[in-house]
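The values are calculated or read from the model by the stated rules, or taken from the named source; none is laboratory data. Owing to the predicted nature of the structure, the values given are computational and were not obtained by experimental measurement. A quick note on method: Cβ atoms are made from the backbone with ideal geometry, for glycine too, and the neighbour counts reach across all protein chains shown. Just the protein is used for accessible areas: all its heavy atoms, side chains included, with ligands, DNA and RNA removed. Shrake-Rupley method; radii C 1.70, N 1.55, O 1.52, S 1.80 Å.
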Amino acid sequence: AAAFADVISCSWGGAKSPDIEFALQDARRFGRKGRGAVVVCAAGNEARTRVDYPASDPNAIAVGASTDADVFAEYSNRGPQVCVVAPSSGGDRGLFTTDVSIPARGFNSGSGGMFVDDFGGTSAATPLVAGLCGLMLSLKPDMTVEDVRATLIASAKKIGPASAYKTNGHSNKFGYGRIDAAKAVTLVKTSKTKAKKPKP
């Protein structure tokens, strides 16, 4: 399946597995005709100083959570693998999911249905990053996984205290910052760099 997916969003974690490890390697190597399928994974919600697997895998983009107030969501796992954070629960406002599988359905005010008004955790932050990756690839399909990651990093907004970031711009809590879709799209549109050729 990785050979046919542009972006894979994983809002789950578990024990390290050779099967998952090989699948991530295959997605990186063979996905998108050699440019790599972008695999985005949730860092986990246990407030630990280590990132859950498979987000900790080098072939994944690990996503932590911030709140609607642009502060660190205290439940979010942290560590050197965190690439970026995205807004989720833990603040004043939460996230709504939508359901378009049945005509005339939309959002839910909390009374059942296939969609909710209280989605949260790094599982909710991850699909926001996956969606942004898909948006970037829709503008420039020749981007490699490395190009996508670099654009996420270059466009991220530094949130939280400046002291949280090392001299290389990374924070174990915030990664390189909170995603900024408008800036990421602008970077993709104005990028003059040639996309790398796919692997044979």
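Taking a spot 7 Å from the Cα of Ala5 along the direction of its beta carbon, which residues of region 44-85 have an amide N less than 11 Å from it? Output list for this probe position: empty.
Taken about its Cα centre, region 1-44 carries a charge dipole of roughly 200 debye when the Cβ of each Lys and Arg holds +1 and the Cβ of each Asp and Glu holds -1. Taking the alpha carbon gyration tensor of region 24-79, multiplying each eigenvalue by 5 and rooting it gives semi-axes of 27, 12, 6 Å, largest first. Stretched out straight at 0.36 nm per residue, the stretch from Lys157 to Asp19 would grow longer than its current Cα-Cα span by 46.2 nm.
Spacing of the modelled spin labels on Thr49 and Leu139, each 7 Å from Cα toward Cβ, amounts to 3.8 nm. What a 1.4 Å probe finds exposed on region 25-105 is 52% carbon and sulfur by accessible area, rounded to a whole percent.
Ordered by 1.4 Å accessible area with all protein chains kept, Lys166, Lys33 run largest first as Lys33, Lys166. Name all residues of region 139-171 having a backbone nitrogen under 18 Å from the label point set 7 Å from the Cα of Glu74 along its Cα→Cβ direction, giving them as ranges. Under cut-off, by backbone N: 160-161. Annotation: amide H of Arg50 within the under-5 Å range of Arg78, sequence separation 5 or more or interchain, hydrogens built in the peptide plane.
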